[in-house]
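Before any comments, here is the structure.
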Amino acid sequence: MSYAVKEIYYTLQGEGAQAGRAAVFLRFSGCNLWSGREEDRTSATCRFCDTDFTGVDGPGGGRFPTAEDLAAAVANAWGAPRPDRGRPLVVCTGGEPLLQLDPALVEALHREGFDVAVETNGTCEAPEGIDWITVSPKAGTRLRLTAGHELKLVYPQDGAGPDSYEDLSFSSFFLQPMDGPARDANVAAAAAYCLAHPRWRLSLQTHKLIGLR
């Protein structure tokens with residue numbers, strides 16, 4: 001298959017258990033919960049997304065005809081391997097990356113030496129071989145991925161309380177305050193919830209706090 005990619009760029013992972021780790025972000029175009037068009041936001045399943053995942057016009061973006069072509073572009077974004085740089089990490093995100101991430105691409109990225117992580121809404125099955133699975137549930141959806149390394153819940157969401165997910169098989173549970181006009185209140189509410197329910201850990205979008213993409 002070919003792949004539609006919004007952008008590819010080198011940065012630091014800003015969220016969750018791997019926050020602070022250098023990574024290449026591979027942002028796929030398209031999502032199954034919102035078209036990405038503002039005129040469709042009020043009718044979308046997910047109404048709070050703040051990410052531009054439409055088109056293929058971002059830095060490093062485009063249409064890649066093969067898994068090998070896309071894996072090579074990711075490797076180019078990381079740069080020449082050196083022992084002092086550690087093992088490369090690619091974070092597959094979107095939009096919804098599991099609409100496109102397939103076994104061929106996972107294998108091609110592994111051949112380039114990458115640990116492969118995915119950040120998904122959990123409504124699609126994941127191919128075998130992914131090294132790190134982050135599920136970020138959205139209210140009103142049915143999770144097909146109920147196990148992984150971390151569950152990262154944007155908080156608060158009507159109809160998606162943290163207690164709805166505590167029986168799932170994840171190694172870590174994070175609350176991430178919803179961005180937007182009520183961000184400060186959401187940070188305070190998420191912190192208070194984590195204090196009262198210590199199984200949950202607070203995840204802040206540190207890349208935004210320090211001015212990274």
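Scan the stretch 192-213 for residues that are closer than 23 Å to residue 21 by Cα, hydroxyl-bearing (Ser, Thr, Tyr) and open to solvent by 30 Å² or more (accessible area, probe 1.4 Å) and the total you get is 1.
Tally the residues that are over 9 Å from residue 26 (Cβ atoms) and either aromatic (Phe, Trp, Tyr) or assigned to a strand (DSSP E or B) (or both), restricting the search to the stretch 57-107. So the answer is 5. Taking the stretch 141-191 as the range and being in a strand (DSSP E or B) and surrounded by fewer than 17 Cβ atoms within 10 Å (Cβ to Cβ) as the test, the residues that pass are 147, 169, 171, 172.
Checked against (1) charged (D, E, K, R); (2) closer than 19 Å to residue 49 by Cβ; (3) in contact with a Lys or Arg (Cβ under 9 Å, 6 or more places away or on another chain), residue 152 meets all criteria but (3). The C-beta contact set for the stretch 89-102 (first residue crowded, with 22+ Cβ neighbours inside 10 Å, second residue in a helix (DSSP H, G or I), distance under 7 angstrom, 6+ apart or interchain) comprises 90/74; 90/109.
Let me confirm something: among 30, 58, which residue is within 28 Å of residue 183 (Cα to Cα), open to solvent by 20 Å² or more (accessible area, probe 1.4 Å), among the small types (Gly, Ala, Ser) and in contact (Cβ under 8 Å) with a residue 12 or more places away in the chain?
Result: 30 is the single residue among 30, 58 that is within 28 Å of residue 183 (Cα to Cα), open to solvent by 20 Å² or more (accessible area, probe 1.4 Å), among the small types (Gly, Ala, Ser) and in contact (Cβ under 8 Å) with a residue 12 or more places away in the chain.
Only a single item in (1) in contact with a strand residue (DSSP E or B) (Cβ under 8 Å, 6 or more places away or on another chain); (2) modelled with pLDDT of 95 or more; (3) not in a loop (DSSP other than H, G, I, E, B) is not met by residue 207, and it is number (2). Per the conditions (1) out of contact with any strand residue (DSSP E or B) (no Cβ under 8 Å at 6 or more places or on another chain); (2) charged (D, E, K, R); (3) modelled with pLDDT under 95, the sole criterion not satisfied by residue 163 is (3). The single condition from (1) open to solvent by less than 70 Å² (accessible area, probe 1.4 Å); (2) in contact (Cβ under 8 Å) with a residue 40 or more places away in the chain that residue 44 fails is (2). The residues of the stretch 114-139 that are open to solvent by less than 20 Å² (accessible area, probe 1.4 Å), within 21 Å of residue 69 (Cα to Cα) and in a loop (DSSP other than H, G, I, E, B) amount to a single one, 114. Inspect the stretch 5-16 for any residue being open to solvent by less than 30 Å² (accessible area, probe 1.4 Å), out of contact with any His (no Cβ under 7 Å at 6 or more places or on another chain), of a type in the set (Lys, Arg) and within 30 Å of residue 160 (Cα to Cα) and give the result as yes or no. Yes, that holds for at least one residue. Cβ separations smaller than 7 Å between residues 6+ apart or across chains give the following pairs from the stretch 116-131 residues that are within 16 Å of residue 87 (Cα to Cα) to residues that are assigned to a strand (DSSP E or B) and open to solvent by 30 Å² or more (accessible area, probe 1.4 Å): 117/132; 131/115. Could you list, in sequence order, all residues of the stretch 98-116 that are of a type in the set (A, V, I, L, M), within 16 Å of residue 4 (Cα to Cα) and under 16 Å from the mean Cα position of the chain (by Cα)? 98, 99, 101, 106 - these are the residues of the stretch 98-116 that are of a type in the set (A, V, I, L, M), within 16 Å of residue 4 (Cα to Cα) and under 16 Å from the mean Cα position of the chain (by Cα).
The values are calculated or read from the model by the stated rules, or taken from the named source; none is laboratory data. No experiment lies behind these values; they were computed from the predicted model shown. Positions of Cβ are backbone-derived with ideal geometry, glycine not excepted, and every protein chain shown enters the neighbour counts. In case anyone asks, the SASA skips ligands and DNA or RNA and just uses the protein heavy atoms, side chains included. Shrake-Rupley method; radii C 1.70, N 1.55, O 1.52, S 1.80 Å.
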